[in-house]
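Below is one structure, written out as structure tokens, with a few remarks after it.
The values are calculated or read from the model by the stated rules, or taken from the named source; none is laboratory data. Only a predicted model underlies this, so the values are computations on that prediction, with no experimental measurement involved. Here the Cβ positions follow ideal geometry from the backbone for every residue, glycine too, while neighbour counts run over all protein chains shown. Protein only, heavy atoms only, side chains kept; ligands, DNA and RNA dropped before computing areas. Shrake-Rupley method; radii C 1.70, N 1.55, O 1.52, S 1.80 Å.
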Amino acid sequence: MTTITLVLGDITRESADAIVNAANSSLLGGGGVDGAIHRRGGPEILEECRRLRAAHLGGGLPTGQAVVTTAGRLDARWVVHTVGPVFSASEDRSGLLASCYRESLKAADGLGARTVAFPAISTGVYRWPMDDAARIALETVRAARTSVEEVRFVLFDQRAYDVFAARIG
Ligand code: AR6
């Protein structure tokens with residue numbers, strides 16, 4: 001049984017077995033959660049991302065997929081990097097957003113992680129509307145077959161927190 005919890009705050013301050021990064025395909029850093037994770041986690045994470053790119057991810061990590069690195073100086077054992085879809089009003093990409101949560105949990109299961117902290121993937125730079133993103137995130141995690149005991153959504157502002165909280169009820 002997986003418990004879903006909500007926290008208002010900065011995901012880089014969380015303590016969890018795995019922290020999920022809302023990355024981009026390059027895996028070489030960016031803004032938002034990605035920038036914050038690399039800043040606080042230190043250079044080890046980027047070094048490992050570079051090694052992954054040089055090894056089997058030469059073309060980058062496809063949208064909806066997930067890979068694992070060390071968590072560097074974060075209070076976690078691993079960072080799971082996943083690439084959310086850019087929101088499109090003309091094309092339904094929700095399957096890709098759901099895939100981010102599913103694939104991240106699958107990666108976490110492979111590691112034996114019991115607690116996993118997620119940001120609201122795609123709701124920043126990638127512009128996915130928060131309410132729809134929360135619906136997809138929560139439905140996907142609820143439906144997932146996973147051994148993870150706690151899935152913690154770490155929401156960066158009160159509005160995002162309230163949107164998730166309203167959906168949890
Ligand atoms: N902790 C928790 N949530 C955060 C934090 C934080 N420290 N910082 C921002 N958020 P985004 P995306 C929230 O843009 O939309 C990067 O440049 C933020 O308010 O981080 O998937 C990558 O390299 C928003 O609700 O990720 C990619 O190029 C949510 O996290 C691109 O952005 C996600 O915002 C990915 O865009």
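DSSP beta bridges fully contained in segment 3-168 are about 20 percent antiparallel.
Quick check: net charge around P43, other residues with Cβ under 12 Å of its Cβ, Lys/Arg +1 and Asp/Glu -1? Surrounding charge for P43 is +1. Per residue, the accessible area of the chain comes to 47 Å², computed with a 1.4 Å probe over protein heavy atoms only. Peptides 86-99, 147-160 ranked from most to least packed by the mean count of surrounding Cβ atoms within 10 Å: 147-160, 86-99.
Extents of the chain, largest first, come to 43, 36, 29 Å (Cα atoms, principal axes, whole angstrom). Extending 7 Å from the Cα toward the beta-carbon at both R142 and S15 defines two label points whose distance is 3.1 nm. Helix-only arithmetic for the chain: the sum of -39500 (n - 2.57) across DSSP H runs with n ≥ 4, divided by the residue total, places the mean residue ellipticity at 222 nm at -12000 deg cm²/dmol. Can you tally the net charge around P119? Count Lys and Arg as +1, Asp and Glu as -1, for every other residue whose Cβ sits under 13 Å from the Cβ of P119. Cβ neighbours under 13 Å give a net charge of -2. Do you know the relative contact order of the chain, to the nearest whole percent, from alpha carbon pairs under 8 angstrom that are 6+ apart? 32 percent.
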